[in-house]
Amino acid sequence: MPRHPKSPNGQKKPINPRKRAIQTARKRESRGRIYLAIIVIVIVAVGVGWYVYSSAQSSSGGPDFAIAAPSVVTIHAGNQATSRVNVTSVNNFGGTVQLSASASTGLDATVSPARITGSGIATLTMSANSNGTYTVTVTGTSGSLTHSVTPVVGTSLYATLKTTNGMIVVELYNNSAPKTVTNFVNLAKSHFYDNLVWHRIIPNFVVQTGDPNTKNGGGDRNTWGQGTSPQSVPFEYDSSLHNNVGYVAMASTAAGVGGSSQFYINVNDNSGSLDGKYAVFGNVIVGMDAANALANLPTTNQYPNALNQPADPSNAMLISVTISNSQ
């Protein structure tokens, strides 16, 4: 069919100018709508892309750094001690971190080097003239970025256990298990532990004492292992301390339960079976031979409610416990 109707004589019929103008306007309007739709689509696409980019930036953060140090540091009064401070680059951070150390009264602390670019390790050096517990804050600054870490710093405590098999010296971890150590120290100073029996002896496992029912090796031996002190302490767990040979931990009625007065010395590596269940609070630094001698004493199971007792309690006595700030 012809695009335009023809007149009777075969000529194209002229188009009304007004109609042509309307048609032209409609075409322009249609093209304008198409252009507008394209612009809207582009704007939406750009907006979505920017949102995704911004979200990614927000979730991952910009260039930054992290600073870390041990949560607990043990020092000896009158001597210097050192600890590592780790600075780690985050999200391609490449700036320079200015480090500084601020210690509580009685503790001297410095950090070196004082400037680290990107990632690196600094050394925190500390000393105290008096025994006690302190804090030190190490702060890292780079432009508007600031991060800090505050380890607890404390001097060592030592317990000397006098036994029928020799002296055992235990370094107490009062910073890692403060409530457990405080309880142990108070009991020792009150002579609670004097003349108790190492009532549980298992070779290649542990030797255990601290039950007041065993005082002087007497009483009902069926109750040995059931006695406690009047006070108890909550369970304190430090993942850096393990039930390895020589380590000392609180005994309790069940795993993850706080103890009272009974404690044991590991004479074997028991980390796989005991870690996370019983609070480690010290380590034998002198006299492990005495602990091993206790572990090798003859035992008896004639008391059904209290197995693994020493056959002769007089050979397995904890005579006394004394506390000091030096070995």
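Output the qualifying pairs, or none if there are none: Cβ atoms under 6 angstrom, residues six or more apart or on different chains, first residue in the range 147-173 and open to solvent by 30 Å² or more (accessible area, probe 1.4 Å) and assigned to a strand (DSSP E or B), second residue at pLDDT 90 or above and acidic (D, E).
Qualifying pairs under 6 Å: none.
Every residue in the range 175-200 that is in a helix (DSSP H, G or I) and in contact with a Gly (Cβ under 9 Å, 6 or more places away or on another chain), please.
Applying the first criterion (in a helix (DSSP H, G or I)) to the range 175-200 yields 178-189.
Once the filter is applied, which keeps residues that are in a helix (DSSP H, G or I) and in contact with a Gly (Cβ under 9 Å, 6 or more places away or on another chain), the range 175-200 yields P178, K179, T180, V181, N183, F184, L187.
Kindly provide the set of residues from the range 210-256 that are of a type in the set (G, A, S) and part of a helix (DSSP H, G or I), ordered by number.
Restricting attention to the range 210-256, the residues satisfying the condition of being of a type in the set (G, A, S) are 210, 217-219, 225, 227, 229, 232, 239-240, 246, 249, 251-252, 254-256.
Listed by number, the list holds a single entry, G217.
Hey, S229 hits all of (1) at positive phi; (2) touching a Leu at 6+ places or on another chain (Cβ under 7 Å) but one; which does it fall short on?
With respect to (1) at positive phi; (2) touching a Leu at 6+ places or on another chain (Cβ under 7 Å), S229 is out only on (1).
Please enumerate the residues belonging to the range 298-327 that are over 37 Å from the mean Cα position of the chain (by Cα) and open to solvent by 50 Å² or more (accessible area, probe 1.4 Å).
Those that are over 37 Å from the mean Cα position of the chain (by Cα) and open to solvent by 50 Å² or more (accessible area, probe 1.4 Å): P298, T299, N301, Q302, P304, N305, A311, D312, S314, N315.
Within the range 97-121, how many residues turn out to be open to solvent by less than 50 Å² (accessible area, probe 1.4 Å) and either farther than 21 Å from V152 by Cα or not polar (S, T, N, Q) (or both)? Reasoning before the result, please.
Step one: of the range 97-121, the residues open to solvent by less than 50 Å² (accessible area, probe 1.4 Å) are 97, 99, 101, 103-104, 106-107, 109, 111, 114, 116, 118, 120.
If we keep only those that are either farther than 21 Å from V152 by Cα or not polar (S, T, N, Q) (or both) too, we end up with 97, 99, 101, 103, 106-107, 109, 111, 114, 116, 118, 120.
Qualifying residue count for the region: 12.
In the list A306, A251, A255, which residue meets the criterion of being aliphatic (A, V, I, L, M), more than 19 Å from K189 (Cα to Cα) and at pLDDT 95 or above? Break it down stepwise before answering.
Details: A306 fails: at pLDDT 95 or above; A255 fails: at pLDDT 95 or above.
Result: A251 is the single residue among A306, A251, A255 that is aliphatic (A, V, I, L, M), more than 19 Å from K189 (Cα to Cα) and at pLDDT 95 or above.
Being over 17 Å from D289 (Cα atoms) and in contact with a strand residue (DSSP E or B) (Cβ under 7 Å, 6 or more places away or on another chain) is the filter here, so list the residues in the range 159-183 that pass it.
Taking the range 159-183 first, the residues over 17 Å from D289 (Cα atoms) are 172-183.
Within the range 159-183, L172, Y173, N174, N175, S176, A177, T180, V181 meet the criteria.
Test Y264 against the criterion of being closer than 17 Å to T209 by Cβ, of a type in the set (F, W, Y) and free of Cβ contacts under 8 Å to residues at least 60 places away in the same chain, and give yes or no. First the steps, then the outcome.
Values: closer than 17 Å to T209 by Cβ: yes; of a type in the set (F, W, Y): yes; free of Cβ contacts under 8 Å to residues at least 60 places away in the same chain: no.
For Y264, the condition - closer than 17 Å to T209 by Cβ, of a type in the set (F, W, Y) and free of Cβ contacts under 8 Å to residues at least 60 places away in the same chain - is not met.
Tell me, which residue of the range 61-84 that is more than 15 Å from the chain's Cα centre (by Cα) and β-branched (V, I, T) is surrounded by the fewest Cβ atoms within 10 Å (Cβ to Cβ)? It would help to see each step written out before you state the result.
Pass one, the range 61-84, residues more than 15 Å from the chain's Cα centre (by Cα): 61-66, 74-84.
Next, only the ones that are β-branched (V, I, T) stay: 74-75, 82.
On the way: T74: 19, I75: 21, T82: 12.
Of everything passing the filter in the range 61-84, T82 is surrounded by the fewest Cβ atoms within 10 Å (Cβ to Cβ).
Look through A290, A295, A249, A279 and report the one residue that is of a type outside the set (F, W, Y), more than 30 Å from I75 (Cβ to Cβ) and open to solvent by less than 30 Å² (accessible area, probe 1.4 Å).
On the way: A290 fails: more than 30 Å from I75 (Cβ to Cβ); A249 fails: more than 30 Å from I75 (Cβ to Cβ); A279 fails: more than 30 Å from I75 (Cβ to Cβ).
Matching residue, one of A290, A295, A249, A279: A295.
Which residues, taken from the range 261-276, are open to solvent by less than 40 Å² (accessible area, probe 1.4 Å), out of contact with any helix residue (DSSP H, G or I) (no Cβ under 8 Å at 6 or more places or on another chain) and not hydrophobic (A, V, I, L, M, F, W, C)?
Here is the first cut: in the range 261-276, the ones open to solvent by less than 40 Å² (accessible area, probe 1.4 Å) are 261-267, 270-271, 274, 276.
Keeping just the survivors that are out of contact with any helix residue (DSSP H, G or I) (no Cβ under 8 Å at 6 or more places or on another chain) gives 262, 264, 270-271, 274, 276.
Within the range 261-276, Q262, Y264, N270, S271, G276 qualify.
Each row is one residue, and each column tells you yes or no for (1) at pLDDT 60 or above; (2) part of a helix (DSSP H, G or I); (3) not aromatic (F, W, Y).
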residue: A37; (1), (2), (3): yes, yes, yes
residue: V42; (1), (2), (3): no, yes, yes
residue: A45; (1), (2), (3): no, yes, yes
residue: S54; (1), (2), (3): no, yes, yes
residue: T74; (1), (2), (3): yes, no, yes
residue: S83; (1), (2), (3): yes, no, yes
residue: G94; (1), (2), (3): yes, no, yes
residue: A101; (1), (2), (3): yes, no, yes
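Within the range 278-289, is even one residue of a type in the set (V, I, T) and either under 19 Å from N195 (Cα atoms) or more than 32 Å from the chain's Cα centre (by Cα) (or both)? Before you say what the answer is, go through the steps one by one.
Kept after step one, since they are of a type in the set (V, I, T), are these residues of the range 278-289: 280, 284-286.
Imposing the further condition that a residue be either under 19 Å from N195 (Cα atoms) or more than 32 Å from the chain's Cα centre (by Cα) (or both) reduces the set to none.
There is no residue in the range 278-289 that is of a type in the set (V, I, T) and either under 19 Å from N195 (Cα atoms) or more than 32 Å from the chain's Cα centre (by Cα) (or both).
Restricting to the range 204-228, count the residues that are open to solvent by less than 40 Å² (accessible area, probe 1.4 Å) and within 30 Å of the chain's Cα centre (by Cα).
The qualifying residues number 5.
Residues that are within 30 Å of G154 (Cβ to Cβ) and among the hydroxyl-bearing types (S, T, Y): does the range 305-317 have at least one? Spell out the reasoning first.
Restricting attention to the range 305-317, the residues satisfying the condition of being within 30 Å of G154 (Cβ to Cβ) are none.
Among the residues of the range 305-317, not one is within 30 Å of G154 (Cβ to Cβ) and among the hydroxyl-bearing types (S, T, Y), which makes the answer no.
The values are calculated or read from the model by the stated rules, or taken from the named source; none is laboratory data. Since the model is a prediction, treat every value here as computed from it, not as a measurement. Please note: Cβ atoms are built from the backbone with ideal geometry, for glycine as well, and neighbour counts cover all protein chains shown. Areas reflect the complete protein model, heavy atoms only, side chains present, ligands, DNA and RNA absent. Shrake-Rupley method; radii C 1.70, N 1.55, O 1.52, S 1.80 Å.
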